[in-house]
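To keep things clear, I will list the structure first and then write my remarks on it.
The values are calculated or read from the model by the stated rules, or taken from the named source; none is laboratory data. Keep in mind the model is a prediction, meaning the values are calculated, not measured. Here the Cβ positions follow ideal geometry from the backbone for every residue, glycine too, while neighbour counts run over all protein chains shown. Areas reflect the complete protein model, heavy atoms only, side chains present, ligands, DNA and RNA absent. Shrake-Rupley method; radii C 1.70, N 1.55, O 1.52, S 1.80 Å.
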Amino acid sequence: MKQYALILLSAALALSGCGDSEPDASAPATQASSDNPLSGVWVKDQQVLVLESNGDFYLPSDALRQGLSWEQQGNQFTFRYLDSNALSIEQQSLAGTLEDNSLDLSALPGAATPEPEDGSEQETLNADSTPLFSGTFQRDSSAVGYLGGQVQLPEGADLPQQAVLTVTLFSAGDVVLRRVIRLNGNDSHYPFRLYYPADAVDADQPYQISSQILAGGGIFYQSALADLSRNEQGFENITLPLDPVMSDSETLRGALIWQQQTPVFILCNSDQRLQVSGPQGKALVNDIRQDMAYPQQPRIATVSGVRRKIPGEQEGTTQAAVAVESYSLDAVGSFRDCQIPSAELTNTRWVLSHLADEAVALPEGSQTPYLTFTAEQARGNGGCNSFQGGYQQEGDSLRFQPLASTKMACPAMETEQAFHQALSNSNRYRIDGELLTLFDEEDQAVASFQALYL
C-alpha cells in the first residue's frame with residue numbers, strides 16, 4: 001500500500017465515530033474463550049474471519065480490507081471494516097447461526113446494503129449479489145498466527161487529536177501486514193494485536209516490526225524498526241518505544257505554488273518546499289483557489305504551524321510538510337519582501353498544465369505537451385506532433401509567428417488543437433516563480449505551464 005493511501009485510510013478511521021480502537025485485555029482469538037463462544041478463528045476456503053470476545057474484528061487474509069469490529073444481536077451479526085479501495089469505513093449485517101464449530105452466515109431477508117459510515121458513495125447490491133462475509137465457516141485456530149505488544153510514548157508526551165496508530169510487520173524490507181488502530185484517551189502505553197495467515201510467515205526468515213502515530217496527515221511519533229523474537233506460538237510480545245517526529249510550532253512566510261497540480265508552500269527567499277497538511281491546510285488552499293486571477297496563481301501567505309515529516313508517495317519515503325494551524329494572506333499578486341525561485345523564459349521546458357481555466361487531461365500513453373524557447377525559436381510538442389516557429393518578445397509582450405508542425409494522426413487531438421490555438425492567441429506573458437501564463441488581447445489566461453529546467 002502506498003503511504004499516501006495509508007494517510008487517507010488513517011484519516012477515514014480517525015474521523016469515524018466507530019472503528020478499530022486499541023484492544024483491551026481479552027484473550028486473543030487463537031485461545032478458547034469462556035466470555036463468548038463466537039470468539040475464535042473462522043475459515044471458509046481462503047477467507048478468514050478473526051472475532052475477538054471484546055468485539056475486535058480481523059481479516060488477516062484480505063489485502064484490500066481491514067476488519068474493525070463485530071457485534072451480535074440475536075441472530076444478526078454486524079461487521080465493520082475499512083475498505084482501502086473505497087477509502088471508507090463500511091459495514092455489513094447478516095443472519096448467523098452457531099452450531100458446534102460451524103458458523104453459518106447469510107444475507108438478512110430483504111436486507112439492503114447499508115450506507116458507508118463516513119457518507120461516501122457505495123454501489124447497492126442487486127438481488128443476485130453475495131454478501132462479502134457469507135457461507136459456512138469452520139473454527140480453525142491453526143489458520144492464523146498471532147503477534148501482540150504495545151507502543152510506548154515518550155515521557156510527558158501528549159496524544160494528538162484524532163490520532164491513529166499504525167503497526168507494520170516487515171520481512172526483508174517488504175510489508176507482510178499492517179493494521180491501523182484509532183487511539184483514545186491519553187495514556188503512555190497503547191496495546192496492539194496483529195493476526196496473520198499461518199502460511200504468510202516463514203519460520204526460517206527474520207521479521208521486523210515498526211509503528212507510527214499519525215494525525216492530520218502527518219507523523220507525530222514513530223518507532224525504530226525492531227527485530228522480533230520467536231516462541232512456540234509465533235512471536236514474543238514486544239514493546240515499541242516511540243520517538244517524536246514533530247518540532248515546535250512556528251510562524252512561516254512563503255508562497256503557495258503548485259507542482260504537478262499539488263499545492264506546495266515554498267519559504268520566502270529560499271528554495272525550501274513544504275507539503276501542506278494539518279487542520280487548516282485545506283482551508284488555506286481553498287481560500288487561495290477562490291481568489292485566483294488565473295490558474296495556479298501563486299499567493300503569499302503567513303502560516304502558523306508545525307514542520308514535520310509525512311509519508312511520501314513511495315513506501316518507506318518521507319517528505320517535509322507544514323501542519324497549518326492558522327494563516328493570513330497577502331493581497332493577490334503581491335510579492336512584497338518575498339522572493340521565490342524563478343525560471344527564465346528561455347532554456348526552460350514549460351510543461352502545459354492548463355488551457356484557459358481547465359486542467360489538461362491527457363489520454364493514457366500520450367506525450368505531455370510542452371513548450372521551450374531559444375533566443376530565435378519556440379519549439380515543443382502538442383501531445384502528438386512536434387512544432388517549431390519564430391516568436392516576438394519585448395517586455396511582457398509575447399506573440400508567436402505561424403508554427404510548422406509534423407502531421408501525425410493521433411487519438412484525441414482536441415488538446416493539441418486547443419494548445420496551438422492558445423499559442424496563436426498569445427499577446428503577453430507572465431512568469432510567477434515556476435509558472436508561465438500566456439494571456440490574450442483581452443488579458444484572459446489562455447495557457448499555463450509549469451517549469452522543468454533544462
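General observations
- Sole residue being among the charged types (D, E, K, R) and either surrounded by 13 or more Cβ atoms within 10 Å (Cβ to Cβ) or touching a residue at least 60 places away in the same chain (Cβ under 8 Å) (or both), chosen from Asp243, Asp204, Asp199, Asp227: Asp243
- Residues that are among the small types (Gly, Ala, Ser) and either within 16 Å of Ile209 (Cα to Cα) or open to solvent by less than 70 Å² (accessible area, probe 1.4 Å) (or both), drawn from the stretch 138-155: Ser141, Ala143, Gly145, Gly148, Gly149
- In the stretch 379-420, residue nearest to the chain's Cα centre (by Cα) [restricted to those that are in contact (Cβ under 8 Å) with a residue 40 or more places away in the chain and under 19 Å from Thr437 (Cβ atoms)]: Thr415
- Being assigned to a strand (DSSP E or B), open to solvent by 20 Å² or more (accessible area, probe 1.4 Å), touching a Lys or Arg at 6+ places or on another chain (Cβ under 7 Å) and within 21 Å of Thr346 (Cα to Cα) is a property that holds for Gln392.
- Ala375 falls short on exactly one of the conditions (1) in a loop (DSSP other than H, G, I, E, B); (2) open to solvent by less than 20 Å² (accessible area, probe 1.4 Å); (3) among the small types (Gly, Ala, Ser), and that condition is (2).
- Given (1) under 29 Å from Leu38 (Cβ atoms); (2) among the aliphatic types (A, V, I, L, M); (3) at pLDDT 90 or above, index of the condition Ala127 fails: (3)
- Subset of the stretch 28-87 that is assigned to a strand (DSSP E or B) and charged (D, E, K, R) - its residue that is surrounded by the most Cβ atoms within 10 Å (Cβ to Cβ): Asp56
- Taken together, the residues in the stretch 297-309 that are part of a loop (DSSP other than H, G, I, E, B) and open to solvent by 10 Å² or more (accessible area, probe 1.4 Å) amount to 1.
- Looking at the stretch 228-269, none of the strands (runs of 3 or more DSSP E) lying wholly inside it contains 2 or more residues that are at pLDDT below 90, aliphatic (A, V, I, L, M) and out of contact with any Ser or Thr (no Cβ under 8 Å at 6 or more places or on another chain).
- Scanning the stretch 173-185 for residues that are surrounded by fewer than 18 Cβ atoms within 10 Å (Cβ to Cβ) and outside any strand (DSSP E or B) returns Gly173, Asn184, Gly185.
- Residues being out of contact with any strand residue (DSSP E or B) (no Cβ under 9 Å at 6 or more places or on another chain), over 29 Å from Ser141 (Cα atoms) and open to solvent by 40 Å² or more (accessible area, probe 1.4 Å) are represented in the stretch 186-193 by at least one member.
- Residues that are open to solvent by 30 Å² or more (accessible area, probe 1.4 Å), assigned to a loop (DSSP other than H, G, I, E, B) and more than 15 Å from Leu371 (Cα to Cα), drawn from the stretch 428-454: Asp440, Glu441, Glu442, Asp443, Gln444
- Test: residue in the stretch 278-293 that is in contact with a Pro (Cβ under 8 Å, 6 or more places away or on another chain), open to solvent by 20 Å² or more (accessible area, probe 1.4 Å) and touching a residue at least 40 places away in the same chain (Cβ under 8 Å): no
- Residue check, Arg182 over 16 Å from Ile310 (Cα atoms) and in contact with a helix residue (DSSP H, G or I) (Cβ under 7 Å, 6 or more places away or on another chain): yes
- Candidates in the stretch 310-335 are the residues that are outside any loop (DSSP other than H, G, I, E, B), in contact with a Lys or Arg (Cβ under 8 Å, 6 or more places away or on another chain) and aliphatic (A, V, I, L, M); of these, the one that is surrounded by the fewest Cβ atoms within 10 Å (Cβ to Cβ) is Ala320.
- When Glu90 is tested against (1) at pLDDT below 85; (2) among the charged types (D, E, K, R); (3) surrounded by 18 or more Cβ atoms within 10 Å (Cβ to Cβ), just one condition goes unmet, and that condition is (1).
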